[in-house]
Amino acid sequence: MSETFQFGAGETILIIGLGRSGSASIEVLSEHQVRLYATDEKPAAELTGAIAFAQSQGARFVDAARINEIAGRLTCAILSPGVPPTSPVVRQLYEANVPIFGEIELAYRLCKSPIIAVTGTKGKSTTTALIGHLLRGCGLPARVGGNIGNPLIKEVRAAAPGDWIVAEVSSFQLETIRAFKPRVAVLLNLMPDHLDRYHSMDEYAEAKYRICANQSMTDWFVGNLDDPRIRALHWRHGDTRAQARQLWFTLESGEQATMYLRDGVVTYAPVAGDPRPIAIVRRDAIPLAGEHNVRNAMAALLAALAVGCAPERLREAIATFEPMPHRLQTIAEIDGVRYVDDSKSTNPAAVIAGLRTYDAPIVLIAGGRSKGTPFDAMGAEIRKRATALIAIGEAGSAIRRAARGVNAVAAGSMDEAVRRARELSQPGGVVLLSPGCASFDMFASAEDRGERFAAAVAALREPAGA
């Protein structure tokens, strides 16, 4: 298929997956005079609302078991990021030589605006939101979408040619790109995650590297010099994978870096013009908790600098950024104990970062549905930094084993977990919800998990018998 394919009138397109992304693709494509089909591998009885919406947009629903009946009529298919490329529907379409694109590729091909794309194991949403905030603070119109929660395709539809699109992209979304070519690609970090989908860290990393696969020297690549797998992409290592102009950030050593810490100040070494270093912001003035968020802020600042933002405007803009919900969000302080919602921590590396954020006794609430990642390193960090562990969900027992030696108890609900955490906490300490797992064993989403935590904490204030 030609790389100029624009999903125009007369095409016949199948949407695979009727979640938020798939429904958004249907809504946007319905405006392009295409013939639409939709399918999902869930039973039709669980999809009543989604099917009704698809049909209201002119799409015909086809049961996944009957895809072969329409495969010969299809111009292409759009794959939602939650559907693995190994699914039976996808395999049938490949066998029928039907081109398959992801929603991010669809959005890119319909987009008239330049794109800044952000990926990594952790910190994607915070960095994406921060970039959008910085651009707007510097007078550049920006729209934020993608894996952050609102489908990229809808932001693209609403964007004017002069807007910047800031997109959080996952490894799942990057698997299906073909022409996707962001003006600025940001790769934050690579840590074990989604190993229930990828056979190895190498395979997972390859999916992430695709963010810069189509870039050229008219584009920018922003990379983490402290991450060994990403550092290997540095031009000095001779790896040709990152073909764009490169900007690098580090907390460890300023050598080879474009942004680094000097005497507690985030400092920028300009890549053009006056080479003298520029102080951007003091580390303690970044309104985000944790060392990992200093790196996220550096990545966001470099992306903003790449598109022309002035350092002095960035200094002002970053001071007004508000942390996102469910990411090391303090929700209450009760009897001298701080309660922190980090429900968006869905892998062990994020838990480790959360534990390292606080210099205080920590009672950790962790567990959920494992994503195939070992808990050994997380367990070692729990032993170092937590005074107690409240284990929840399917992976609770595995986390307790990994953290052996720590006072650990199991809880069957969030209410019970918060009550036990209160009993085990002490004034000056922190109760930290940082699960390190997916939420779908006990909750509808990570957001639902965080909201249940907040409600259980609020209940602690209620008088007995009220």
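Assorted remarks:
- Which numbered condition Arg241 misses (of (1) basic (Lys, Arg); (2) closer than 27 Å to Phe321 by Cβ; (3) in contact with a Phe, Trp or Tyr (Cβ under 7 Å, 6 or more places away or on another chain)): (2)
- Within the range 173-228, the set of residues being closer than 24 Å to Leu130 by Cα and among the basic types (Lys, Arg) comprises Lys181, Arg183, Lys208, Arg210.
- Residues that are surrounded by 15 or more Cβ atoms within 10 Å (Cβ to Cβ) and within 28 Å of Ile148 (Cα to Cα), drawn from the range 86-97: Ser87, Val89, Val90
- Pick from the range 407-433, criterion in contact with a strand residue (DSSP E or B) (Cβ under 6 Å, 6 or more places away or on another chain) and polar (S, T, N, Q), ranking: surrounded by the most Cβ atoms within 10 Å (Cβ to Cβ): Ser425
- Listed conditions (1) touching a residue at least 60 places away in the same chain (Cβ under 8 Å); (2) within 14 Å of His133 (Cα to Cα) are all met by Pro287, apart from (1).
- Residue within the range 238-247 that is closer than 29 Å to Val90 by Cβ and out of contact with any Cys (no Cβ under 8 Å at 6 or more places or on another chain) present: no
- Each residue in the range 173-220 was checked for being in a helix (DSSP H, G or I) and either hydrophobic (A, V, I, L, M, F, W, C) or farther than 21 Å from Ser125 by Cβ (or both), and 9 of them qualify.
- For Ala446, the conditions (1) farther than 27 Å from Arg295 by Cα; (2) in contact with a strand residue (DSSP E or B) (Cβ under 9 Å, 6 or more places away or on another chain) are fulfilled apart from (1).
- Taking residues in the range 38-63 that are assigned by TED's automatic domain parsing to the domain that holds Val83, and partners anywhere that are surrounded by 14 or more Cβ atoms within 10 Å (Cβ to Cβ) and of a type in the set (Asp, Glu), the pairs with Cβ atoms closer than 6 Å and at least 6 places apart or on different chains are Leu47/Asp40; Gln57/Glu27.
- If you check Ala454, Ala458, Ala446, Ala411 for being under 29 Å from the mean Cα position of the chain (by Cα), under 23 Å from Ala349 (Cβ atoms) and not β-branched (Val, Ile, Thr), only one passes: Ala446.
- Selection status of His194, more than 25 Å from Leu152 (Cβ to Cβ) and either in contact (Cβ under 8 Å) with a residue 12 or more places away in the chain or not assigned by TED's automatic domain parsing to the domain that holds Ala272 (or both): no
- Close contacts from the range 428-456, counting a first residue that is farther than 23 Å from Arg338 by Cα and a second that is modelled with pLDDT under 95 and among the basic types (Lys, Arg), with Cβ to Cβ under 9 Å and a gap of 6+ residues or different chains, come to Ala438/Lys371.
Residue by residue, here is whether (1) over 20 Å from Arg91 (Cα atoms); (2) touching a strand residue (DSSP E or B) at 6+ places or on another chain (Cβ under 9 Å); (3) surrounded by fewer than 16 Cβ atoms within 10 Å (Cβ to Cβ) holds:
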residue	(1), (2), (3)
Gly17	no, yes, no
Pro43	no, no, yes
Ala52	yes, no, yes
Gly72	no, no, yes
Thr75	no, yes, no
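- Scoring Pro85 on the criteria (1) assigned to a helix (DSSP H, G or I); (2) within 20 Å of Ile177 (Cα to Cα) leaves a single failure, condition (1).
- Against the conditions (1) modelled with pLDDT of 95 or more; (2) under 20 Å from Asn296 (Cβ atoms); (3) surrounded by 22 or more Cβ atoms within 10 Å (Cβ to Cβ), Leu140 satisfies every one except (3).
- Long-range neighbours under 7 Å by Cβ, at least six apart or interchain, first residue of a type in the set (Phe, Trp, Tyr) within the range 326-345, second part of a strand (DSSP E or B): Tyr339/Ile331; Tyr339/Ala332; Tyr339/Val431
- Residues in the range 219-252 that are touching a residue at least 12 places away in the same chain (Cβ under 8 Å) and among the polar types (S, T, N, Q): Asn224, Gln243, Gln246, Thr250.
- Residue within the range 134-146 that is touching a residue at least 40 places away in the same chain (Cβ under 8 Å), within 18 Å of Gln173 (Cβ to Cβ) and not in a helix (DSSP H, G or I) present: yes
- Search result, residues across the range 163-180 that are in contact with a Ser or Thr (Cβ under 8 Å, 6 or more places away or on another chain) and either surrounded by fewer than 23 Cβ atoms within 10 Å (Cβ to Cβ) or closer than 19 Å to Pro99 by Cα (or both): Asp163, Ser170, Leu174
- Scanning the range 359-369 for residues that are of a type outside the set (D, E, K, R) and either part of a strand (DSSP E or B) or at pLDDT below 95 (or both) yields Ile362, Val363, Leu364, Ile365, Ala366, Gly367.
The values are calculated or read from the model by the stated rules, or taken from the named source; none is laboratory data. Note that this is a predicted model, so its numbers are computed, not measured. Every residue, glycine among them, receives a Cβ derived from its backbone with ideal geometry; neighbour counts consider all protein chains shown.
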